[in-house]
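All remarks here apply to the structure that follows.
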Amino acid sequence: MPCTSNVAAITAFCGTANAPMLDRKLYITTAAKVDAIAAATAHVISTDITMESTMVFYAWSFSKEESSYESTQDENGMWQTSVKIFIEKLASATTNILVGMNGDNYIAIVVDRNGSKRLVGDINNGCTVRVKEMTTPKNGYEVTITWSSPLAPYFYTGAIAE
């Protein structure tokens, strides 16, 4: 049975594979270290993000089974984006790093298991990182990245400077 839509402006996509969850990595940096993000075309940023000369995105590895991404438009038209990951095993070095992650000046690139990258945060409106240590029912860090924006996170097809 073919895909149909009652809204002429929406193209229906049928018959393609769709993998749930996020990839095992996300990339994060501080907004202050990003020099420029190009304008989007059709909700895609295809030009590489320009970073300060020595700054890069840092990769965080996590358990893909304990990950999620959602972006919902609220009643005021703002998009509320939430990314949750789980970093396994409590350790002093990891806690020391995550304690310094307070604030709302970050830009993250979240990759889903289909290979699509989403840009969460921007130069003037960074995302927030919150951390919860836990030992039950699992041992590690529940990290939540949140962002409020007038637009849903852009798709990003440029390179990631690591």
Requested in this report: Give me the pairs, please: first residue somewhere in the stretch 28-40 and over 14 Å from Asn124 (Cβ atoms), second residue anywhere and among the aromatic types (Phe, Trp, Tyr) and assigned to a strand (DSSP E or B), beta-carbon distance under 8 Å, and either six or more positions apart or on two chains.
Outcome: Ile28/Tyr58; Ile28/Trp60; Ile28/Tyr106; Thr29/Tyr58; Thr29/Tyr106; Ala40/Tyr154
Query - Residue ID - nearest to the chain's Cα centre (by Cα), chosen from residues in the stretch 77-125 that are among the acidic types (Asp, Glu) and closer than 14 Å to Ile28 by Cβ - result: Asp122
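Suppose the filter is of a type in the set (Val, Ile, Thr), out of contact with any Ser or Thr (no Cβ under 8 Å at 6 or more places or on another chain) and in contact (Cβ under 8 Å) with a residue 40 or more places away in the chain; does Val99 pass it?
Working: of a type in the set (Val, Ile, Thr): yes; out of contact with any Ser or Thr (no Cβ under 8 Å at 6 or more places or on another chain): yes; in contact (Cβ under 8 Å) with a residue 40 or more places away in the chain: no.
No; evaluated as a whole, the condition is false for this residue.
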Requested in this report: Filter the stretch 133-151 down to residues that are within 15 Å of Ser82 (Cα to Cα), of a type outside the set (A, V, I, L, M) and surrounded by fewer than 17 Cβ atoms within 10 Å (Cβ to Cβ), then give me how many there are.
Outcome: 5
Requested in this report: Can you tell me which residue among Lys89, Lys64, Lys84, Lys117 is basic (Lys, Arg), closer than 25 Å to Met21 by Cα and exposed (fewer than 13 other Cβ atoms within 10 Å of the Cβ)?
Outcome: Lys89
Query raised in the report: For the stretch 110-128, what are the residues that are among the charged types (D, E, K, R) and part of a strand (DSSP E or B)?
Result: Asp112, Lys117, Arg118
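Every residue, every condition in (1) β-branched (Val, Ile, Thr); (2) part of a strand (DSSP E or B); (3) modelled with pLDDT of 95 or more, yes or no:
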| site | (1), (2), (3) |
| --- | --- |
| Thr54 | yes, no, no |
| Ile87 | yes, yes, no |
| Ala108 | no, yes, yes |
| Arg130 | no, yes, no |
| Thr136 | yes, no, no |
| Val143 | yes, yes, no |
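The values are calculated or read from the model by the stated rules, or taken from the named source; none is laboratory data. Here the structure is a predicted model, which is why all the values come from computation and not from measurement. With ideal geometry, Cβ positions are generated from the backbone for all residues, glycine too; neighbour counts draw on all protein chains shown.
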